[in-house]
Amino acid sequence: MSQLLDISSLLSKRVTPQLLIEAVAQAAQPGLPKHIQLSNGIVDLIRRGSLKVGDQILPEQQLAQVLEMSLGTVQKTLNRLAIEGWIVREHGRGTFISDPNRPTTDLWHYRFLDHFRFVDPRSGEPLPVYSSLLSRRIVEGDTTCRARLGDESQFVEITRRIDVGGKFTCRSDMYLSASRFGKLLELPTHAFENVNLKRIFAEQFGAPTLGLMQNVRLERLSAKVARALGLPAKTCGLVQEIFAWTHEQRPLSFQRVFIPPSPYSLDVSPQPIIRTRSC
């Protein structure tokens, strides 16, 4: 037990490994899967106030070691808690306790990364999704951009690489009005990574996403996109187009998502509309 207490500072400032072990033990019931026991134990600590908003949880491998559980069990538990809004997982930083009092619609910012909701068809579990910024620039709008966003001369283009659970990679090209969202070019690079961009639009530009329309089609990916995704030339994939609008039906963004062939399901069920206090 002394070995466990030596790493207590890595779990959180308030909860020692022993307290977490006890919480999981209390949540144990005959026949209850380990990942449910762990989930119930963490939720119980949150509800009791032992884990508070912003507290960081022990990294996955160390958490598995402390609890004598498999890494897969711990990852499955944390993925589910993130989907339910109890925690926030930030790639490269760690796992943190979320705000349990946040309205369900606002939790959408933390639950999913834009429209990248992929599910393992065998287990039904969602895959963790991480994004990294590839480029951002001012571009001339093509016919589709002009039709969706208005007859403007220039648009901000944000291109991101989307890592889906380490299984495969997608590409996202998003376009917004340069006259209104030009300051996106001034934000630090990390502001675009592992975040739902709708949150940036709502909180920093006063433009919440109040509606959207999307369609998906199968087509042969362009040579440029295929290379970016590490795919052979002439590979067919899904192209998802999303048009969003804000106050007074004003156009907000137009996005193209390029999705390679994979055994994982894309969840396209309707999303809740995000409301923020600034609206």
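Results, tabulated for the structure shown:
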| quantity | calculated |
| --- | --- |
| Exclusive hit being in contact with a Leu (Cβ under 7 Å, 6 or more places away or on another chain) and of a type in the set (Gly, Ala, Ser), set Ala233, Ala207, Ala191 | Ala207 |
| Region 211-256: number of residues that are exposed (fewer than 15 other Cβ atoms within 10 Å of the Cβ), assigned to a helix (DSSP H, G or I) and touching a Gly at 6+ places or on another chain (Cβ under 9 Å) | 2 |
| Selection from region 42-65 of residues that are hydrophobic (A, V, I, L, M, F, W, C), more than 25 Å from Gly166 (Cα to Cα) and crowded, with 18+ Cβ neighbours inside 10 Å | Ile42, Val43, Leu45, Ile46, Leu51 |
| Residue in region 181-194 that is within 30 Å of Glu60 (Cβ to Cβ), modelled with pLDDT under 85 and assigned to a loop (DSSP other than H, G, I, E, B) present | yes |
| Per-region count, region 184-222, residues without any contact (Cβ under 8 Å) to a residue 24 or more places away in the chain and either of a type in the set (Val, Ile, Thr) or more than 19 Å from Gln255 (Cα to Cα) (or both) | 6 |
| Residues of region 118-171 satisfying the condition of being of a type in the set (Gly, Ala, Ser) and either out of contact with any His (no Cβ under 9 Å at 6 or more places or on another chain) or free of Cβ contacts under 8 Å to residues at least 60 places away in the same chain (or both) | Ser123, Gly124, Ser135, Gly141, Ala147, Gly150, Ser153, Gly165, Gly166 |
| Set Ser265, Ser172: member being closer than 21 Å to Val156 by Cβ and polar (S, T, N, Q) | Ser172 |
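The values are calculated or read from the model by the stated rules, or taken from the named source; none is laboratory data. It should be emphasised that the depicted structure is a prediction, and the values quoted were computed from it without experimental measurement. A quick note on method: Cβ atoms are made from the backbone with ideal geometry, for glycine too, and the neighbour counts reach across all protein chains shown.
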